[in-house]
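Visitor: Take this structure, written in structure tokens, and hold onto it; I'll ask about it next.
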Amino acid sequence: MGWLRRLSLRARLLLVSVVTLVVGLAGGGAVLVATMHFALLRTANTEALETATAVAGLVNSGSLSEVIPVAPTVRVQVVDANDKILAGSLGADRLTPILYDRERAELADRDGTYIPGARIGLEGRVRVVAVAAGPAGRRVTVLVARPAGDLAQSVHLLRTALLVTFPPLVALLALVSWRLLGAALRPVESLRAGAEEITGGARPGRLPVPDSGDEVHRLAVTLNDMLHRLEAARARQRSFVADAAHELRSPLTNMRTELEVAQLLPDTTDWLALSADVLTDVERLSRLVDDLLLLARADDATTRAPAPRTEEIELGQLLGEVAARYPDVEYERPAVPLLVAGDRDALARVVANLLDNATRHAARAVRLTVAPDGAYRKIAVTDDGPGIPAADRDRVFDRFTRLDDARARDAGGSGLGLAIVRELVRRHHGTVALRGTVPPPGLRAEVRLPARL
């Protein structure tokens, strides 16, 4: 079947159509011939039976003549119980019955059988029917023979006509199908040419959409949506790489500058202070690389994000441990235990990232709270900083987002903290949102986590 794969789609569709057409026409022709043959045989049997019934009526009424008038090709005999022929049609034998004794004995009343026509001087097969007639004491049998050769000739003519007309009909329909398939596949060819132009960079990434409203139209729309998503993903990737390179360049530049100055002034360099500064930059680089790796894994559509480790966590204790690292953060542990199931390190990082963001922008105070919220636990981090406009509160969860207000001038931040918060909270089947404070300015970050995963 390798040759079939080498054919074009149009040729394969045409081949399937022609094969289906030939099989359909052949099956229809065979059914037509068989139906006609059956109908003609039934007609011959009916005609013979009607003739026999009419002759039987003459016998019953006592008006039967010695010569029975019938069509020249029909043979009629009236035979008594002793095989004596009482009457017959012109051309019928007056000595020998049409059917032998055994054949007549096997036939029921008004039944029929086929015999060779040569037995009674006719060509081909002959249909013979038998009808009983006469009073009970003098029963006779009416035999009527009708040749079936003319019927076979009619079936033969029909079969010949079908065999002669089928090939040119199939050829004509194949030609029409070829043209129709070409018209139907023309939009597909336009899509292929459009895709080739897009690949070659000859025009923007959009395929022509036909006006047909059919499957090809929906395919073109779907492909255009896919191209749009791919272009958007490429744009995000380019932006991500550029922003990541910019963030990596800053600590690397600091380290290079400090080391170059130390090389030029080795005698006056405080190597202990230099190592501490370099170590700080290295730690910043390490955190940035870890953050980028976490978000890159979240973006990888071919790799399912690992499910968080599930352990029972008391949020009041966890938040207390994280808040202890921030002297300026106000936190009061709730009186009742608030349990959740999840990854302790991941949830601690969520709270730490929110506190880092709040303490960098707070004017005086940062407050951390946790409380039950139905089937959820709500963690809130509130600061009294400049706040974020409502239109930008969702956008700041994007990576490396920079706003034009005071919160954009971030000292030491990588622009990935809130993006990581959203990703870790999503893995715990929770939600995170930013809201304004009353009275403004200020910002309140709320995280809702289910009590059980």
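Visitor: Using only DSSP helix segments of four residues or longer, with each worth -39500 (n - 2.57), what per-residue ellipticity at 222 nm results for the chain after dividing by its residue count and rounding to 500?
Guide: Result for the chain: -18500 deg cm²/dmol, rounded to the nearest 500.
Visitor: So, how do all the Cα-to-Cα distances of the stretch 311-450 break down into 10 Å bins, in percent, from 0 on up?
Guide: With a bin width of 10 Å, the distribution comes to 12, 46, 34, 7, 0.
Visitor: Stick to the Cα atoms of the chain, pair each with every other, and give me the Kirkwood hydrodynamic radius in Å at one decimal.
Guide: 33.0
Visitor: Sticking with this one: Note down the relative contact order for the chain as a percent, whole number, built from C-alpha pairs under 8 angstrom at least six residues apart.
Guide: This gives 9 percent for the chain.
Visitor: Let me ask you something else. What ranking do LEU274, LEU319 get, fewest neighbouring Cβ atoms within 10 angstrom at the top?
Guide: LEU274, LEU319
Visitor: Which value in nm describes the separation of the simple spin-label points at ALA391 and ARG426, placed 7 Å from the Cα toward the beta carbon?
Guide: 2.5
Visitor: Turning to a different aspect of this structure: Through the Karplus equation 6.51 cos²θ - 1.76 cosθ + 1.60, θ set to phi - 60°, convert the phi angles of the stretch 208-218 into ³J(HN,Hα) values in whole Hz; use x for Gly and Pro.
Guide: Rounded to whole hertz, the list is x, 10, x, 8, 6, x, 9, 4, 5, 4, 5.
Visitor: Now for a separate question. For the stretch 332-386 and the stretch 17-91, what is the separation of their Cα centres, given in Å?
Guide: The distance from the Cα centre of the stretch 332-386 to that of the stretch 17-91 comes to 102 Å.
Visitor: So, counting K/R as plus one and D/E as minus one, what does the shell of residues with Cβ under 15 Å around HIS37 add up to?
Guide: With Lys, Arg at +1 and Asp, Glu at -1, the neighbours total +3.
Visitor: Return the sequence-ordered ³J(HN,Hα) values of the stretch 319-325 in whole Hz as given by the Karplus equation 6.51 cos²θ - 1.76 cosθ + 1.60 applied to θ = phi - 60°, using x for Gly and Pro.
Guide: Couplings: 5, x, 5, 5, 5, 5, 7 Hz.
Visitor: On a full-extension model of 0.36 nm per residue, what is the gain between ALA232 and THR253, subtracting their alpha-carbon distance, rounded to one decimal in nm?
Guide: 4.5 nm
Visitor: Work out the P(r) tail for the stretch 1-94: percent of alpha carbon pairs separated by more than 21 Å, whole number.
Guide: In whole percent, the long-distance tail amounts to 59.
Visitor: With N denoting the number of residues in the stretch 1-159, provide Rg(C-alpha) divided by 2.2 N^0.38 Å, to two decimal places.
Guide: Output field value: 1.59.
Visitor: While we're on this one: Output wanted: per-residue J couplings in Hz (rounded whole) for the stretch 115-125, from phi through Karplus 6.51 cos²θ - 1.76 cosθ + 1.60, θ = phi - 60°, x for Gly and Pro.
Guide: Here the 3J(HN,Hα) series is 9, x, x, 4, 5, 10, x, 10, 9, x, 7 Hz.
Visitor: In addition: What ranking of PHE240, PHE38 emerges when the number of other C-beta atoms within 10 Å of each C-beta is taken as an exposure proxy, fewest first?
Guide: Least to most surrounded, the residues fall as PHE38, PHE240.
Any read-out appearing in this document is the output of simple, stated calculations on the displayed coordinates, not a laboratory observation. On a predicted model such as this, the values are computed, not experimentally measured, just so you know. Here Cβ is always computed from backbone atoms with ideal geometry, including for glycine, and neighbour counts include all displayed protein chains.
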